[in-house]
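Please treat every number below as a calculation from the coordinates, not as lab data. Source: prediction; values computed, not measured. Glycine gets a Cβ as well: all are built from the backbone with ideal geometry, and neighbour counts include every protein chain shown.
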Amino acid sequence: MTSWLPMSDDFVPDPLHLIEYFSGSARISKLAHAMGYQVRAFDVDYDHPAPWAESSFSGRRKRSSYDINGEAGIVLAVLLLLQGSWDTLSMVAVVCSSWSVVNRHSSQRNELVPEGQTRSASVMNGNKMVSRVSLLLLLIGCLGSSYILENPERSIILEYPRLRWTFRALKCLGVSVYRFTFPMAAFGAPTKKPTMLITNNVALRKLLGKKRKNSTQ
């Protein structure tokens with residue numbers, strides 16, 4: 001149904017080379033754009049409805065149209081994927097706040113109960129977000145394009161049932177899943193910041209594997 005929505009040429013003039021979800025300051029998108037690639041950055045901060053703005057349908061406060069947990073946000077996220085091609089790369093730096101080690105006391109997430117304290121609004125928002133990201137990753141795999149999922153190295157996000165199901169489904173479709181951990185300092189960051197990347201791209205696997213090997217020598 002999403003693919004039937006009418007779109008103007010101004011929305012995406014050419015097939016996208018890079019989609020950066022949860023992009024924040026969009027540093028990767030800006031760099032890729034400067035190199036001549038077609039890019040789109042996607043982040044909830046890019047569209048803040050006025051505090052008094054309400055939905056004419058429900059009367060509730062309007063969501064950002066870039067909020068992936070909202071109806072408009074997930075549709076826009078899918079539309080961007082459908083405007084890509086086989087060589088499109090999707091960067092997915094999903095919000096890690098409720099999945100990190102430092103938050104486990106309040107989120108109550110662990111390897112046995114990765115869903116965490118489901119009476120907590122922030123935990124439920126995190127679960128919904130990763131569930132929707134899982135669907136995006138599945139669509140990316142079916143389209144034959146590439147993704148990079150990023151989170152802290154000790155994040156418990158990979159234990160979340162829906163994400164685990166997605167990776168199993170992708171493997172059944174013949175789509176490999178590779179996991180890497182490395183310190184951001186290996187790429188010039190001022191702090192070590194242990195990071196985890198999940199990707200289905202063989203070229204990225206070779207590049208990151210070589211970089212990780214060199215950083216340990």
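Placing +1 on the Cβ of every Lys and Arg and -1 on the Cβ of every Asp and Glu, with no other charges, gives region 13-215 a dipole of roughly 760 debye about its Cα centre. With the Cα gyration tensor of region 30-178 giving a ≥ b ≥ c as the square roots of its eigenvalues, does the rule (a/c under 1.5 for rounded; else a/b larger than b/c for prolate; else oblate) give rounded, prolate or oblate? Oblate, because a/c is 1.5 or more while a/b does not exceed b/c. How would you classify region 57-118 from its alpha-carbon gyration tensor, with a ≥ b ≥ c the square roots of the eigenvalues: rounded for a/c under 1.5, else prolate if a/b is greater than b/c, otherwise oblate? Oblate. Once backbone amide H atoms are built at 1.01 Å from N, residue 147 has 90, 200, 201 as its partners under 5 Å, excluding neighbours fewer than 5 places away on the same chain. The chymotrypsin sites (Phe, Trp or Tyr not before Pro) of region 65-132 that DSSP puts in a loop, and whose beta carbon has at most 15 other beta carbons within 10 Å, are 86. Note on region 13-215: dipole from Cβ charges, positive end direction compared against 152, 125, 163; the farthest Cα belongs to 152. Shape call for region 103-187 from the C-alpha gyration tensor, a ≥ b ≥ c root eigenvalues: rounded (a/c under 1.5), prolate (a/b greater than b/c) or oblate? Because a/c hits 1.5 or more and a/b fails to exceed b/c, region 103-187 counts as oblate. Close Lys pairs in region 134-214, defined as Cα atoms under 25 Å apart and 8 or more places apart or on different chains, number 10.
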